[in-house]
Amino acid sequence: MNRIAKAFAQGKAFIPFLTCGDPDLETTEAAVRAMAQAGADLIELGIPFSDPTAEGPVIQAANARALSAGTTTDKIFDLVRRLRKDVTVPMAFMTYANVVFSYGTERFVSTAADIGMDGLILPDVPFEEKEEFAPTCRKYGLDLISLIAPTSEERIAMIAREAEGFLYCVSSLGVTGVRGEITTDVGRMVRLAKAANPGLPCAVGFGISTPEQGAAMAKVSDGIIVGSAIVKLMEQYGREAVPSIHEYVETMKKAL
Amino acid sequence: MSKGRFGIHGGQYIPETLMNAVMELEEAYNYYKNDPDFQRELTELLNEYAGRPSRLYYAQRMTEDLGGAKIYLKREDLNHTGAHKINNVLGQALLARKMGKTRLIAETGAGQHGVATATAAALFGMECVVFMGEEDTRRQALNVYKMRLLGATVVPVTSGTATLKDACSAAFREWTTRIADTHYCLGSVMGPHPFPTMVRDFQAVISREIKAQMLEKEGRLPDAVLACVGGGSNAIGAFYHFIGDPSVRLIGCEAAGRGVDTPDTAATIATGKLGIFHGMKSYFCQDQYGQIAPVYSISAGLDYPGIGPEHAMLHDTGRAEYVAVTDEEAVSAFEYLSRTEGIIPAIESAHAVAYARKLAPAMGKDQIIAVNISGRGDKDCVSIARYRGEELSE
């Protein structure tokens, strides 16, 4: 069993996201350790991109802060090397196609796998374009995570059948960010995915911020992903954000 | 399977949320492009509403002054709304209406595409929202006013560099949020398939006309066709029907800004490298980590860090040449064409005029150049005056 599968083996998974280097890499390192301690089952590390087209204002601003602090892909690889000395929780990179492609897909993927990353999420790479990255990811044992959206409908089965690691179920139309309520029938999306690929863990992301939303989404899936709510804490408290992030992750994990 | 490739370029690098929308668009386009009723309706709109065909004008004074090749100007600036943008917008708006969409969204740089989209929306009774970099809303205040006058909502975009690429990102984000009733009327030959192909087909009317008009006037094809290139829609339109004619040089004029050896440039072929952004694989101005560069040009319409995938392929195969033209050369050409021919070109189009001034004297008097004047320059007068140190006020 690879590490990502283990993340879903002990009940509902809680998957927090943060943008590396926001406000600096030292804070990211401390926050990742705190999230692991607080019960995170898998951690998404965002590599900042200048033009993150799938992100709402909160994560867009985090990307801008991280880049203006001088964050680079190489510095994030160093961060992971430091974390992997003692942090064993599964981790996946979340970034955009150009960050991987311009680094050299083979060089990026082999380095990521070598330093102990478990997965890669590229929101601007749909099923039709995944062959750009999938063969290299398979070669080095990095799970390329597939996404389904409320508009996917008859595409769900096709995507789920070839999905690796887990399936990222986008809860709502639009970009990332906190939402008052999620109106999509997420349970149906998950059922369609499981019908095509019964063993595939399905995690729901986009718009989840409160323990109540988390619990409701976890009921119909295998786990939940929270990004903007955590990045907001970072925005609010900066270098002092780590205790609040610890507390938030603990609360959310307990609610599932 | 990846679709919409031009050599290694193109594709559909977009969030899953949009995949069904672009597939629905592709299906509708493939159907209507062969539908005689659709084509008849579009031709009628282009002719009766937009004023096509546009003239191919022999620029005698410019030709005599430069003392080389004979110069013809393709007058896309005479189209309704003052630029080539209307060709594409009428096609897409008509398609959107056939698809049952009631709302158009668009990005705009100089504002010409925004004005054209707002115009089509007014004509078809559709709702219209235009995203425009905040920096550009200042550079092109007149076009902002026109869009509002036409009933559109203009949303100033403050993220990133607050220019065309950010307006484009904002429009993509908006489309992800609202797909059912909304068509994203993309303004150039870029983005995910089917946009680069569809927009090129709608703009190809330019080279279809140049070819027929040139054969009628000169009895032969031109030796070179020049057009400015940002995303590249007027250029691909001017090139398309000549791609199969190897005797015709196709020359795209990129915006060098303050120079290709400075960071203040938007010349993608000269300074960019292969990448994946805004739905396509192509060349982009970017740093070593793939962060998209904050490009610069005096021309808001060419101030884009990428180039359409078909141009990237034409560059790879050597079928088209791409040259870089600085702000100073473009401004000087803007003034030159105004004085020499009484035609005030858009600052974008002035980039092509600038290269024609270099090329024509090096060619024989028996040779012919066609320069695409993609738009009119009224919108640029305030900023060019400012560039020359003069502040205009109404």
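The values are calculated or read from the model by the stated rules, or taken from the named source; none is laboratory data. Predicted model only: the values in this text are computed from it and were never measured. Every residue, glycine among them, receives a Cβ derived from its backbone with ideal geometry; neighbour counts consider all protein chains shown. In case anyone asks, the SASA skips ligands and DNA or RNA and just uses the protein heavy atoms, side chains included. Shrake-Rupley method; radii C 1.70, N 1.55, O 1.52, S 1.80 Å.
Coupling constants for the stretch A:9-25 follow from the phi torsions by the Karplus curve (6.51 cos²θ - 1.76 cosθ + 1.60, θ = phi - 60°), and in residue order they are 7, 10, x, 5, 8, 10, 10, x, 10, 8, 8, 5, x, 9, x, 7, 6 Hz; glycine and proline get x.
Ligands, DNA and RNA left out, the 1.4 Å accessible surface of chain B is 50% carbon and sulfur atoms. Partner aspartates and glutamates whose Cα lies under 17 Å from the Cα of A:Lys139, excluding those fewer than 8 positions away in the same chain, are identified as A:Glu106, A:Asp114, A:Asp118, A:Glu131, A:Glu162, A:Glu164. For chain A, the alpha-carbon radius of gyration amounts to 0.91 times the rule-of-thumb value 2.2 N^0.38 Å expected for a compact globular protein.
So what is the orientation-averaged projected area of chain B, using the convex hull of its C-alpha atoms, in nm²?
Details: hull surface 72.4 nm².
That works out to 18.1 nm².
Within the same chain, lysines fewer than 8 places from A:Lys12 are excluded, and of the rest, those with a Cα less than 27 Å from its Cα are A:Lys85, A:Lys194, A:Lys219, A:Lys232, A:Lys253, A:Lys254. Counting Cβ atoms of other protein chains within 10 Å of each residue's Cβ and taking the mean over peptide B:310-316 gives 0. Counting, for every residue in B:66-72, the Cβ atoms of other protein chains within 10 Å of its Cβ and taking the mean gives 0. Close amide-amide hydrogen proximity is noted between B:Ala324 and B:Glu254, each under 5 Å apart and 5 or more residues distant or on a separate chain (H modeled in the peptide plane; Pro and chain starts excluded).
Tell me which residues come under 5 Å, amide H to amide H, from B:Lys70 once H is placed; ignore anything under 5 positions away on its chain. Here the answer is B:Gln367, B:Ile368, B:Ile369, since their amide H atoms fall under 5 Å of that of B:Lys70.
A simple packing score, the average count of other Cβ atoms within 10 Å per residue, orders the peptides B:346-356, A:43-53, A:64-74 as B:346-356, A:43-53, A:64-74, with the highest score first. Straight-distance candidates among the lysines for linking to B:Lys273, with alpha-carbon spacing under 23 Å and chain neighbours fewer than 8 residues away dropped: A:Lys75, A:Lys130, B:Lys3, B:Lys165, B:Lys281. Checking buried surface per residue: for the stretch A:34-71, which residues lose a minimum of 30 Å² accessible area in the protein assembly relative to the chain alone (1.4 Å probe)? Residues of the stretch A:34-71 that lose at least 30 Å² of accessible area once the other chains are added: A:Phe49, A:Ser50, A:Asp51, A:Thr53, A:Gln60.
Heavy-atom accessible area for B:Arg97, with the other protein chains in place and a 1.4 Å probe, reaches approximately 110 Å². Just check the stretch B:269-394 against the gyration tensor rule for me: Cα atoms, a ≥ b ≥ c as the square roots of the eigenvalues, rounded for a/c under 1.5, and otherwise prolate or oblate depending on whether a/b exceeds b/c. Oblate, because a/c is 1.5 or more while a/b does not exceed b/c.
Contact with the other protein chains removes 30 Å² or more of accessible area, compared with the isolated chain and a 1.4 Å probe, from these residues of the stretch B:15-35: B:Pro15, B:Glu16, B:Thr17, B:Met19, B:Asn20.
Each residue of the stretch A:205-220 is assigned a 3J(HN,Hα), and the resulting list reads x, 5, x, 8, 9, 9, x, 5, 4, x, 5, 5, 6, 5, 4, 9 Hz, derived from the Karplus form 6.51 cos²θ - 1.76 cosθ + 1.60 (θ = phi - 60°), x at Gly and Pro.
Percent of accessible area on the stretch A:77-197 owned by carbon and sulfur, 1.4 Å probe? Display every interim value, and only then the final one.
On the way: 2050 of 4270 Å².
The value for the stretch A:77-197 is 48 percent carbon and sulfur by accessible area.
Note on surface exposure: B:Leu164, B:Leu142 rank B:Leu142, B:Leu164 by accessible area, highest first, 1.4 Å probe. In the context of the full set of protein chains, residues of the stretch A:11-251 present 34 Å² of accessible surface per residue (probe radius 1.4 Å, heavy atoms only).
Of the residues A:Met91, B:Met23, ranked by 1.4 Å probe accessible area with the largest first, the sequence reads B:Met23, A:Met91.
Protein-only accessible surface at a 1.4 angstrom probe places the residues B:His278, B:His241 in the order B:His241, B:His278, largest first.
When the other protein chains are added to the chain by itself, burial of at least 50 square angstrom of heavy-atom accessible area (probe 1.4 Å, ligands and nucleic acids ignored) affects these residues of the stretch B:264-296: B:Ile276, B:Tyr289, B:Gln291.
Helices in chain B that qualify as membrane-span-like (whole DSSP H runs, Cα extent of at least 15 Å along the helix axis, mean Kyte-Doolittle hydropathy of -1.0 or higher) are B:16-32, B:85-98, B:112-124, B:164-177, B:205-218, B:327-341, B:347-359. Here the 3J(HN,Hα) profile of the stretch A:168-176, calculated from phi with Karplus coefficients 6.51, -1.76 and 1.60 at θ = phi - 60°, is 8, 9, 6, 6, 9, 5, x, 9, 5 Hz, Gly and Pro shown as x. The Cα atoms of the stretch A:106-256 cover 40, 37, 25 Å along the three principal axes, with the biggest extent listed first. Amide H contacts under 5 Å for A:Met91: A:Ile43, A:Asp118, A:Gly119, restricted to partners 5 or more places along the chain or on a different chain, H placed in the peptide plane at 1.01 Å from N. With 10 Å bins beginning at zero, the pair-distance distribution over Cα atoms of the protein assembly as shown amounts to 3, 16, 26, 24, 16, 10, 4, 1, 0 %. Between A and B, buried accessible area from a 1.4 angstrom probe totals roughly 3000 Å², ignoring ligands, DNA and RNA.
The accessible area of B:Thr326, taken with all protein chains in place and a 1.4 Å probe, comes to roughly 40 Å².
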